[in-house]
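Here the structure comes first, spelled out in structure tokens, and everything after it is commentary.
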Amino acid sequence: MQDTDKTMPDFRARFESARITEARWDKEVLSIQLGIAPNYDSVTEAARDMKIRIAELAQQTQVHASLGGLITAVDEYKRAIEHKAWLSEQVKASYAMLRNAVSVLPNAISDSYESQEVLQILPNANKRTADLITEAITSMVSFAISPTPLLHSAMQERNASLRAATRTMPPDLRRTIERFLVQIEVVIAERRRGNDLMLQITSVPTTVAADRIQTVLLSLERANEDRLQRLWGTALLLAALLTLSFTLLVFTLRSRFMKLDNDNRLLVQANQDVEEQLVQSAKLSALGQMVAGITHEINTPLAYVKAVFELIKERLLPEHENDVLGDLDEDLSEETRREMREELEMLLDDALHGLEEMATLVRTMKNFSRLDKGRIEAFSVEEGIESALLIARPQLKYVADVTREFDGVPTIVGSPSQLRQVILNLIVNAVDAMGTLGRRGMLTIRTRLTSLDTVQIDVCDNGPGIPEDVLGRIFDPFFTTKPVGEGTGMGLSICYRIIENHGGTITVSSKPGRGTIFTVTLPRQDEKSSAIPQQISPAAAA
């Protein structure tokens, strides 16, 4: 995972570049020695490039700790290069003087041949001065080409012979030839010096220093490769251990997750059972609060049903046991018998109406209080509101009047028992709020189909309203403003969960002193919709 270390490859590339530059430098110095180079610029350029390369190598060894082993070898190579550069400068200076001396020779020779005496034969020599000059020039050229000791001795003899011959020459010619001999001696001296400098340059141990750098660099590269191989081996071992550990971890986590999933299913089931029991308790609590009123509602139709049947008994049974109805009927006129029949029909209709009211009330209470799983089916919102109003009527009729503003909304799909519980809870809360006013209130229930194809139910009261510091907490579980023993604080919380599980929303708007509006919005769904689960429980969103 580490970034590739390019220090050593970069050093090697720089080192190889320095070696190439040094080879080019040696070639340029040799060109000077052979007289091939037209000037010394190429030697100077190569020497400058070489110094730059060796400085870069030295700086790189100082900066990177991994190249610390090369510091000594690079310093040795740097000193050798600096010494070689100094010798190169000396060679350049020597050959500059050599060229200057050679350039003067033609003029000196030309001056010597201006005198006619150079063509005369010298006494005791059988040679002309011109011949001695030619021999001196030939020896100089030979020595310049190959500065061997033998050629140097021969050139010295010829120069001595020419100098001895000048003693008999006229002064002007003697001075001219002397200048010529001085230039030849300068050429000889600088040629020998240049040759010695070239020998010193070749003896500078740059190759030895470079080979040492090469050896140390190879050693460092092998050590680095060994370290990388050890790292790879360690990485592979760690990868194997990590894979084994990961496999064991996956196996352990799988078993733990299986156990956790099983425990979670048990907890969900337990939570569902508890919430269903809590919902049922809330239902029974609501019914318990209305028992007295419901008892009164049942006693009223029972009383007049009893009275009606007693009156029917009086009408149908004779006063004396031996009398028969037929005998009494014979004495009655047709009109009297017709009136008695109509009265009997009316009494029976009243009795049947009372029985029907009791049956409706009992059936409504039974539907509301039964323990179910929230089975999904078609639900008429307005019929649900009416059944809730019927159950709440014993409390409602002494507290407020009811205004219905139904919009004829279509049926929806949901759990009828749970939705009836929500509506009843909102109505009872409104009744309890308006009961604290000391005056008769007004309960308004509206239904309408919104533009978003949802059914909206508004339960409005003109009670005291909800304080702002309480409004944000009314849907919290176990929060209630009722005295201890009169409320559990779970009514609105359960309503919120039921509406949420049906995919709807419940909101509240209240102003202190002006009343409260609870708004329930439920999605309108087809009875055959597959997106709705077959059962909805309060724990479904847990």
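Packing here is the average count of other Cβ atoms within 10 Å per residue, and on that basis the peptides 339-349, 376-386, highest first, run 376-386, 339-349.
In this structure, the residue pairs whose Cα-Cα separation is over 29 Å, taken from Lys51/Lys92; Lys92/Lys127; Lys6/Lys84; Lys27/Lys78, are Lys92/Lys127; Lys6/Lys84. Highest mean packing first, where packing is the average number of other Cβ atoms within 10 Å per residue, the peptides 134-142, 61-69 line up as 134-142, 61-69.
Charges were assigned to the Cβ only: +1 to each Lys and Arg, -1 to each Asp and Glu. The resulting dipole of the stretch 145-285 about its Cα centre is roughly 980 debye. What separates the Cα centres of the stretch 443-469 and the stretch 157-222 is a distance of 118 Å.
As a rough guide to protection, the peptides 400-406, 429-435, 194-200 ranked by mean Cβ packing within 10 Å, highest first, stand as 429-435, 194-200, 400-406. Across the stretch 135-275, the mean sequence separation of Cα contacts (distance under 8 Å, 6 or more residues apart), normalised by length, yields a relative contact order of 17 percent. Shape class for the stretch 378-480, computed from the alpha carbon gyration tensor (a ≥ b ≥ c): prolate, with a/c not under 1.5 and a/b above b/c.
A short reminder: the numbers here are calculations on the coordinates, not readings from a lab. Keep in mind that this is a model prediction, so the values were computed, not measured. Here Cβ is always computed from backbone atoms with ideal geometry, including for glycine, and neighbour counts include all displayed protein chains.
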